[in-house]
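Colleague: This structure is in structure tokens; I'll ask about it shortly.
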Amino acid sequence: MKKKLIYPLACLAALLAAGCSNDGGPAELPEETPAVTFRIDTRADIDDGAQLTRLYLGERKPEHATEDMEHLHLNSYVDITGGKVTLEGLMPQWYKFVFLCVPDIEDTGEAIFTVEDPLEGSCDLNDVMIDYLPVLNLPAGSMMQTPGTDPTVLQATPDGDIYRKVINRWVTIPEEGEAYDGEDVTLTRLNGQLIIDMGVLEDQFGGIDNFEQGKVTVTLTVNDTPTRLYVTDNDADEVKTAAPQTISWTTTPTPNTVGNDTDPTQRHLITVNLLPGMLSGNITVKTPEGEYTYPLQGDNGQVSIKKNTQTKLIFNGVKANDFTVQYAGFADTGIDVDTDHWDGWTE
């Protein structure tokens with residue numbers, strides 16, 4: 001391996017200036033320095049232009065342990081395009097690698113990456129967060145669906161998927177002659193998705209005339225849903241969330257298309273992406289005849305949003321006061337790559 005002295009990646013200059021220093025970078029590199037290459041394929045149905053992929057690099061610094069025993073120095077980060085990144089000039093030591101893939105939301109962009117207190121800044125990787133509020137502020141997916149049709153039509157929900165992989169490992173210098181062709185990393189989805197199936201609204205709320213005139217609205221309100229999540233995971237694949245808020249989405253149902261002597265059959269569906277947590281809130285249907293509110297509770301009790309899981313609530317009707325709850329996995333559980341493969345490198 002060639003001798004290299006390249007300071008890895010681009011530093012978090014603003015954060016480091018506001019927080020602790022970078023200690024001048026690696027002052028004494030050994031004669032040989034490790035380099036690592038990671039391959040992260042973008043999601044098959046979303047191109048690089050619609051998503052942001054970032055790698056955070058954390059390390060332990062003994063001089064910081066006296067301040068906070070849990071402190072994990074944020075060495076640097078790099079934004080990844082093309083699904084591949086090579087880090088050179090690393091010290092032969094322990095690192096934490098945090099890989100993230102998030103939607104590139106208009107008027108938000110890289111601001112989706114934040115810290116606990118942006119005004120104070122921080123060089124602690126444990127303080128780095130993702131701001132999920134821009135996702136929650138996107139419109140809900142709302143459509144009519146004919147029973148038996150392809151359920152992938154639910155992908156009309158705006159992209160709100162957050163993917164992550166956290167790796168703790170020692171980076172070492174390969175032995176002479178040892179082959180190394182890079183490493184594949186699989187990121188898995190952290191958020192869940194809520195699907196509300198309100199059934200055939202015309203059968204329950206005033207008949208088809210109301211819907212043809214656009215006088216019916218359906219509002220989904222979710223109380224105390226998390227709006228931020230930490231990029232670290234307590235080394236337990238945990239999703240740590242914060243900053244709960246109440247968020248509402250209002251939809252105007254599309255009227256069923258019916259002919260002579262044909263009953264409406266299409267069901268009104270509402271879909272939103274949410275971070276994991278207990279679900280509370282309500283559905284409010286407003287019609288010319290009145291307003292009807294139903295709590296988001298299941299027929300068997302409280303409902304939760306789980307990571308990488310779709311939570312479906314099926315409306316049990318105007319006279320009932322609950323929903324039937326179904327949990328199901330997403331069709332794809334992560335970014336479409338091979339399973340982790342370390343090619344002789346030891347974690």
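Colleague: Given the alpha-carbon gyration tensor of segment 178-220, what are the semi-axes of its equivalent ellipsoid in whole angstrom, ordered largest first, with each equal to the square root of 5 times an eigenvalue?
Modeller: Numbers: eigenvalues 525, 20, 15 Å².
Those come to 51, 10, 9 Å.
Colleague: Taking only protein heavy atoms into account and a 1.4 Å probe, give the accessible area per residue of segment 151-224 in Å². Walk me through the numbers before you get to the answer.
Modeller: Details: 2990 Å² over 74 residues.
Dividing the accessible area of segment 151-224 by its residue count gives 40 Å².
Colleague: Starting at 0 and stepping by 5 Å, how many percent of the alpha carbon pairs of segment 204-287 end up in each bin?
Modeller: Reading upward from the zero bin: 3, 12, 19, 16, 12, 10, 9, 7, 5, 4, 2, 1, 0.
Colleague: Separate question: Where does each of 305-313, 247-255 land if you order them by average Cβ count within 10 Å, highest first?
Modeller: On the way: 305-313: 19.8, 247-255: 17.3.
For the peptides 305-313, 247-255, the packing ranking is 305-313, 247-255.
Colleague: Relative contact order for segment 211-336: what percent, with Cα pairs under 8 Å and sequence separation of 6 or more? Kindly include the intermediate steps, with their values, before the conclusion.
Modeller: Details: 213 pairs, mean separation 28.1, N = 126.
This gives 22 percent for segment 211-336.
Colleague: Taking just the alpha carbons, could you work out the radius of gyration and Dmax for segment 184-247, both in angstroms?
Modeller: 19.2, 56
Colleague: Between A179 and N300, how many nm apart are label points set 7 Å from Cα along the C-beta direction?
Modeller: Simple spin-label model gives 5.0 nm for this pair.
Colleague: Which whole number in µm²/s is D for segment 171-319 by Stokes-Einstein, with the Kirkwood Rh taken over Cα pairs at 37 °C and 0.692 mPa s?
Modeller: Working: Rh = 18.4 Å.
My calculation gives 179 µm²/s for D.
Colleague: Quick one: which of K84/K240; K61/K96; K240/K307; K165/K306 span more than 21 angstrom between C-alpha atoms? Intermediate values should be presented prior to the final figure.
Modeller: Working: K84/K240 27 Å; K61/K96 12 Å; K240/K307 11 Å; K165/K306 17 Å.
Correct reply: K84/K240.
The values are calculated or read from the model by the stated rules, or taken from the named source; none is laboratory data. The structure presented is a predicted model; accordingly, all values stated were derived computationally and were not measured. Methodologically, a virtual Cβ is constructed for each residue, glycine included, from the backbone with ideal geometry; neighbour enumeration extends over all protein chains shown. The protein model used for the area step is the full one, side chains on, heavy atoms only, and it has no ligands, DNA or RNA in it. Shrake-Rupley method; radii C 1.70, N 1.55, O 1.52, S 1.80 Å.
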